[in-house]
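The values are calculated or read from the model by the stated rules, or taken from the named source; none is laboratory data. These numbers come from a predicted model, not from an experiment. So basically every Cβ, Gly included, is an ideal-geometry build from the backbone, and we count neighbours across all protein chains shown. The protein model used for the area step is the full one, side chains on, heavy atoms only, and it has no ligands, DNA or RNA in it. Shrake-Rupley method; radii C 1.70, N 1.55, O 1.52, S 1.80 Å.
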Amino acid sequence: MGRFDGRVAVVTGAARGIGFGIASRFAAEGASVAVLDLDEASAAESAGRLEAGGGTQQHLGIACDVSDSASVQAAVDRVVAELGALHILVNNAGVTRDNLLFKMTDDDWDLVMGVHLRGAFLMTRAAQKHFVEQKYGKVICLSSVSALGNRGQANYAAAKMGIQGFVRTLGIELGPFGVTANAIAPGFIATDMTDATAARVGMPVEEFRKAAADRNPVRRVGFPEDIAAAAAFLCSDEASYITGQTLYVDGGAKLV
């Protein structure tokens, strides 16, 4: 018996990286998982790599632009129609458009806000209807240590701090209906995205990761599995008394 047997989870931006790590953890613990990403072929390929046990467990890959309300509604409708229900939503989809404030364009700002904040809003609004009707639901939104401020990321930092305010309000509004909402704020996580950053700044990946590890007390970088473990706990029934919170999963980086 897995913790999520019979549950249906939606994870946005789940074709790779942190999102795929979270989707994999839920699948391993028995959930049917809908992998949402911009490209349906990538989403379907990733869904096909998820662990599938017996019974009713099955997985879907769905194309979805989380910043577009029609695309979001269509994706949620398809999940409920094909997987039979919706119990868990993980708002993970994200992009970066880093630049110093005086170089940041309108499009840089709007894209980051659109995917992170508008995306979380649209996905949660579509999902909460099902959560409220069944008196059960779990929402996880991905914030970041960058919410505390980070040079060159005025857009990203503002969006990620906005996520924290968003889940606090969800906790107040949806708590009476059996729905919890929390945020996870990762520190440095070793993914394709951070490897690409290393390439962009001209550092070997291992050297880049070591530099990040040296900046936190546990002296290692994080991996998608670290975030997935936190998400699995916060979406479990053991965490039913926790809502509106932001959990920093950063190796203690924000302490120093």
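State which entries of K138/K210; K129/K254; K103/K210 exceed 31 angstrom in Cα-Cα distance in the structure shown. The answer is K138/K210; K129/K254.
Each other residue within a Cβ distance under 13 Å of I242 adds +1 if Lys or Arg and -1 if Asp or Glu, for a net charge of 0.
Provide the net charge surrounding V167, with neighbours chosen by a C-beta distance below 13 Å and charges set as Lys +1, Arg +1, Asp -1, Glu -1. Residues near V167 contribute +2 overall.
Volume per residue for the range 44-94 equals 93 cubic angstrom (convex hull of Cα atoms). For the chain, with all protein chains in place and a probe radius of 1.4 Å, 54% of the accessible heavy-atom surface sits on carbon or sulfur. Placing one equal scatterer on every Cα of the range 202-241 and applying the Debye formula, the log10 ratio I(q)/I(0) at q = 0.22, 0.29 Å⁻¹ is -0.73, -0.91. Its Cα gyration tensor gives the range 160-256 an equivalent ellipsoid; the semi-axes, largest first and in whole Å, are 31, 13, 12. In this simple spin-label model, placing a label point 7 Å from the Cα along the Cα-to-Cβ direction at both R97 and A229 gives a separation of 3.6 nm.
Over the Cα atoms of the chain, Rg to Rh with Kirkwood Rh, two decimal places? We get a ratio of 0.96 for the chain.
Tell me whether the range 86-127 comes out rounded, prolate or oblate; compute the Cα gyration tensor, take square roots of the eigenvalues as a ≥ b ≥ c, and use a/c under 1.5 as the rounded threshold. It is prolate, given that a/c is not under 1.5 and a/b is the larger ratio. Here the ratio of the Cα radius of gyration of the range 8-102 to 2.2 N^0.38 Å is 1.09. Based on Cα atoms of the range 84-217, Rg over Rh with Rh as the Kirkwood radius reads 1.04. Here the scattering of the range 58-150 is modelled by Debye summation over its C-alpha atoms, one equal scatterer each and no solvent; at q = 0.17, 0.21 Å⁻¹ the log10 of I(q)/I(0) is -0.78, -1.05. For A181, the shell of other residues with beta-carbons less than 14 Å away shows a net charge of +2, using +1 for Lys and Arg and -1 for Asp and Glu. The calculated 222 nm mean residue ellipticity attributable to helices in the chain amounts to -13500 deg cm²/dmol, summing -39500 (n - 2.57) over DSSP H runs of n ≥ 4 and dividing by all residues. Take the Cα of R49, go 7 Å toward its beta carbon, and the backbone nitrogen atoms of the range 211-248 under 14 Å from that spot belong to 224-225. Solvent-accessible area per residue in the range 183-244 equals 52 Å², computed with a 1.4 angstrom probe and all protein chains kept.
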